[in-house]
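One structure is given here, and the rest of the page talks about it.
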Amino acid sequence: MHENIIEIKNAAFFYDSETANAEAVIKNISLSVKRGSFVAVLGHNGSGKSTLAKLCNAILVPQEGKVFVNGMDTSDSSLTFEIRRAVGMVFQNPDNQIVATVVEDDVAFGPENLGVEPKEIRRRVDSALRSVGMYDFRGFPPHNLSGGQKQRVAIAGIIAMRTECIVLDEPTAMLDPKGRVEVMKTVKSLNRELGITVVFITHFMDEAAQADRIIVMDDGGIILDGTPKEVFSNKDTLRESGLDVPVAAEFADMLISEGIDLPKGILTADECVEAVADAAKKRGLI
Ligand code: ADP
Ligand code: MG
């Protein structure tokens, strides 16, 4: 068993490698994703996030360097099937990922293609739908579902294949706030309760703040890599790269600069409210 489910070693990727002076969109990236971890990937448009995602399950193969999934080299096409079984992908548009006219048939599609026995498929479909909170919708036509529900069905389709790792490429970008929260909650519980490794690409800072680790990409490279507290303390680097810090962190900083005594490293609204309430208590205001 490999401690790192994904291991990227000095990988470079070019979309037009034939052209002279072609520019790499992934530039000498090395990155390890630990089994069981929850990694968020941030970066402005065009920074290479989707390309990096596709390198993680052999949709793309680097022209330089190597990508390993559970120790399997993604450039070895005889391993592609096993690699895709280990690492599943969820994309941005929920409507492009649903193939069947009934929810449970859609979730069954992946395991059917893997040649899983019908009885076992039934078990997996039921448990996958329960894990994403969509069991009660198993007989529904997917087009009647909300965007967030469709994404949860797409996620169920991946976990029904018993993938060890899910790479989600901006799965919440097309969703309303309620759908975003549903998907985030689902993904977090799959990570915490089932131990599924998660690579979550997003441009929402508040979503990234919930990961164990954040990787920030810029121009095909990794410019920051650390815990949310570490990464969001690099405000200038983030701003230069066209990114922000979470609203709650910004707000806490503004309060601190107004002379209110709050701890450093506040990232979420809950932490901010708690710290402000503490400060108010200390001053005898509440
Ligand atoms: P992100 O997901 O961060 O927006 P991408 O990985 O999609 O970034 O894109 C990185 C760079 O590669 C961009 O400059 C983009 O224009 C280019 N690119 C992406 N897909 C293709 C493609 N299929 N063919 C050529 N260039 C591409
Ligand atoms: Mg993208």
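The values are calculated or read from the model by the stated rules, or taken from the named source; none is laboratory data. In this text the structure is predicted, and so the values were computed from the model without any measurement. So basically every Cβ, Gly included, is an ideal-geometry build from the backbone, and we count neighbours across all protein chains shown.
Let's see how each residue does on (1) modelled with pLDDT under 95; (2) within 16 Å of ligand 1 (Cβ to nearest atom); (3) within 18 Å of VAL199 (Cβ to Cβ):
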{"site": "ASN21", "(1), (2), (3)": "yes, yes, no"}
{"site": "LYS27", "(1), (2), (3)": "no, yes, no"}
{"site": "ILE59", "(1), (2), (3)": "no, yes, yes"}
{"site": "LYS66", "(1), (2), (3)": "no, no, yes"}
{"site": "VAL69", "(1), (2), (3)": "no, no, yes"}
{"site": "SER75", "(1), (2), (3)": "no, no, no"}
{"site": "THR80", "(1), (2), (3)": "no, no, no"}
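What pairs come out if I take residues in the stretch 162-179 that are of a type in the set (Ser, Thr, Tyr) and pair them with residues that are within 12 Å of ligand 2 (Cβ to nearest atom) whose C-beta lies under 8 Å away, six or more apart or interchain? Partner pairs satisfying both residue conditions: THR172/THR202.
Per-residue answers, yes or no, for (1) under 19 Å from the mean Cα position of the chain (by Cα); (2) more than 20 Å from MET174 (Cβ to Cβ); (3) touching a residue at least 24 places away in the same chain (Cβ under 8 Å):
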site: GLN92; (1), (2), (3): yes, no, yes
site: VAL107; (1), (2), (3): no, yes, yes
site: GLY115; (1), (2), (3): no, yes, no
site: GLU120; (1), (2), (3): no, yes, no
site: ASP126; (1), (2), (3): no, yes, no
site: SER131; (1), (2), (3): yes, yes, yes
site: SER146; (1), (2), (3): no, no, yes
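In this structure, VAL181 does satisfy being surrounded by fewer than 21 Cβ atoms within 10 Å (Cβ to Cβ), under 18 Å from VAL167 (Cα atoms) and of a type in the set (Val, Ile, Thr). On inspection, ALA128 fails the criterion of being surrounded by 15 or more Cβ atoms within 10 Å (Cβ to Cβ), within 30 Å of SER30 (Cα to Cα) and away from ligand 2 (no atom under 16 Å from the Cβ).
I'm trying to understand the selection: among the residues of the stretch 116-132, which are under 14 Å from ARG162 (Cβ atoms), of a type outside the set (D, E, K, R) and in a helix (DSSP H, G or I)? Within the stretch 116-132, ILE121, VAL125, SER127, ALA128, SER131 meet the criteria.
Restricting attention to the stretch 90-111, the residues that are charged (D, E, K, R), surrounded by 14 or more Cβ atoms within 10 Å (Cβ to Cβ) and modelled with pLDDT under 95 add up to 0. Number of residues in the stretch 235-245 that are at pLDDT 90 or above and surrounded by 17 or more Cβ atoms within 10 Å (Cβ to Cβ) equals 3. Listed by position, the strands (runs of 3 or more DSSP E) inside the stretch 1-83 whose residues that are within 16 Å of ligand 2 (Cβ to nearest atom) and surrounded by 16 or more Cβ atoms within 10 Å (Cβ to Cβ) number at least 1 are 4-13, 26-34, 38-42. Looking only at the stretch 84-115, residues that are within 16 Å of ligand 1 (Cβ to nearest atom), over 25 Å from ILE5 (Cα atoms) and either not polar (S, T, N, Q) or not in a loop (DSSP other than H, G, I, E, B) (or both) come to 1 in all.
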